[in-house]
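One structure is given below, encoded as structure tokens.
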Amino acid sequence: MSQESPTARRKVDHVRINLDEPVSSAISTGLERYRFIPRALPELDLDAVRTDGRVLGVAYRAPLLISSMTGGAGGVTAINRHLAEAAQEAGIAMGVGSQRAALEDGSLADSFRVRDLAPDIPLFANLGAVQLNYGYGLEHCRRAVDMIQADALILHINAVQEAVQPEGDTRWAGLLDQIERLAAELPCPIIAKEVGWGFAADDVHRLASAGVKAIDVAGAGGTSWSEVEKHRAATASERRVAAAFAGWGLPTAEALVLARAAAPQLEIIASGGLRDGVDMAKCLALGAVLAGMAGPFLRAATVSTEAVLEEIAVHLRTLRITMFAIGAADLAALRHTERLQPWTP
């Protein structure tokens, strides 16, 4: 199989569309409905603020995740390498894009292999959960994890995206049982990740019962993958179907609160439209262990590692100032703060 396989071509299309087209959800993240009550006298030195912690047992220096974006095509190898180099220097977590293309064609695996550049960070492999209904099993998942020496496997869950693709994988019956079997056999943790529409409480509870160890709520408010697929559509009718879902999903803040209540034993990752370190702080105060972003880093990663580092630095400095301004000296204090309050404009 060549790099011009349908799977590889989709990877290139997705990067191009995210860079060049308007693909934002019609829904806001809901984070604007929360405000921090500032402490004019923080009784804390800014230099004393600490942001280190752990996710799934792996240490990080700051609670930022470079969310899964790409891989599986030769033209995007540099993007993942720039992301990984920056993640290592900043001490933050990273997920790679879906590795299906590299399992189908081993020559594409190098576009995902970044562990040599990022030996110390939490690094997450990634496959589409629905592939478990299309012949994938434990061995495929082991190969994906081993390919990048990952600390955990993301199973991304994207039913609407698959349904609006003419070539989408739409056999979803019995998938939860497949996830449960995999969770019992795979030697590393599984992270269930939505892709921009959020998990409802009942789905979070079912995934936790199936043995998933972490949830990335990936709520609405950022990139809409139905909008991305709208720009890939070949006909006007396909575009109309995809466009109908521009306002689909649960806002990120709502999905995060629901997940925290539904399965307090899980580690929760918050993503979906986060824009800056203040949004990160809100998500951490609402119960997340990591805050994930993709869009802010994609354009920078097409330029250089240094551009990605500059973007990371802005968000982490903003996070630290937010913590300072409410008197939270570390992430434990941020997670237990009473200074984040609902806000009605």
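The values are calculated or read from the model by the stated rules, or taken from the named source; none is laboratory data. Please read all numbers here as calculations on a predicted model, not as lab measurements. FYI the Cβ positions are ideal-geometry reconstructions off the backbone, even for glycines, and counts take in every protein chain you see.
Side notes on the structure shown:
- Restricting Leu175, Leu153 to those that are farther than 30 Å from Gly247 by Cβ and either modelled with pLDDT under 95 or of a type outside the set (Asp, Glu) (or both) reduces the list to Leu153.
- The residues of the range 102-120 that are of a type in the set (Ser, Thr, Tyr) and under 17 Å from Ser68 (Cβ atoms) amount to a single one, Ser111.
- Selection within the range 82-108 - surrounded by fewer than 21 Cβ atoms within 10 Å (Cβ to Cβ), modelled with pLDDT under 95 and not polar (S, T, N, Q): Glu104, Asp105, Gly106
- Qualifying residues in the range 267-302 (those that are surrounded by fewer than 22 Cβ atoms within 10 Å (Cβ to Cβ) and of a type in the set (Asp, Glu)) - the one nearest to Glu85 (Cα to Cα): Asp276
- Gly72 meets the stated requirement of being under 18 Å from the mean Cα position of the chain (by Cα), surrounded by 24 or more Cβ atoms within 10 Å (Cβ to Cβ) and at pLDDT below 95.
- Unmet requirement for Ser237, which otherwise passes all of (1) of a type in the set (S, T, N, Q); (2) free of Cβ contacts under 8 Å to residues at least 12 places away in the same chain; (3) in contact with a Lys or Arg (Cβ under 9 Å, 6 or more places away or on another chain): (3)
- Total residues in the range 292-313, condition free of Cβ contacts under 8 Å to residues at least 12 places away in the same chain and of a type in the set (Ser, Thr, Tyr): 0
- Where a residue in the range 122-138 is at pLDDT 95 or above and its partner, wherever it lies, is β-branched (Val, Ile, Thr), with Cβ under 6 Å and at least six apart: Pro122/Val55; Pro122/Val58; Phe124/Ile154; Ala125/Val145; Ala125/Ile148; Asn126/Val96; Asn126/Ile154; Ala129/Ile157
- Verdict on Arg260 being within 21 Å of the chain's Cα centre (by Cα), basic (Lys, Arg) and in a loop (DSSP other than H, G, I, E, B): no
- The numbered conditions (1) crowded, with 20+ Cβ neighbours inside 10 Å; (2) in a helix (DSSP H, G or I); (3) in contact with a helix residue (DSSP H, G or I) (Cβ under 9 Å, 6 or more places away or on another chain) are all true for His140 except (1).
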